[in-house]
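Take a look at the structure set out below.
Since every read-out is calculated from the coordinates, none of them should be taken as a lab result. Computed from a predicted model, the values in this text were never measured in an experiment.
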Amino acid sequence: MQQAADTVTYVGEWHSHPEGFAPLPSSSDVKQHFYVRDSLSQEGQPALMMIVSADSLGLYIGGLGKIVTFSEL
Ligand SMILES: [Zn+2]
């Protein structure tokens, strides 16, 4: 566990959306992501939010984002 503590860094949050909903961030998702982004930027680190849906995922880094379908992976 100590080895992980020396090499693993918090980069952000992830969660899933229910089937039938796109992996687009809700208003509360955006607030959380910007909070994490502002906190991590003080340490010079990027912030990641990943939202998983039934057939795709959304990746958002520092306020910018992209949706990738699982067939593209
Ligand atoms: Zn969400």
(request) Grab the alpha carbons of the chain, take their convex hull, and tell me the volume per residue in Å³. (result) 114
(message) Helix-only estimate, please: 222 nm mean residue ellipticity of the chain, summing -39500 (n - 2.57) across DSSP H runs of length 4 or more and dividing by its residues, to the nearest 500.
(response) -8500 deg cm²/dmol
(request) Mind pulling the angle between the C-alpha long axis of helix 27-41 and the longest principal axis of the chain? Nearest 10 degrees, somewhere in 0 to 90. (result) 30
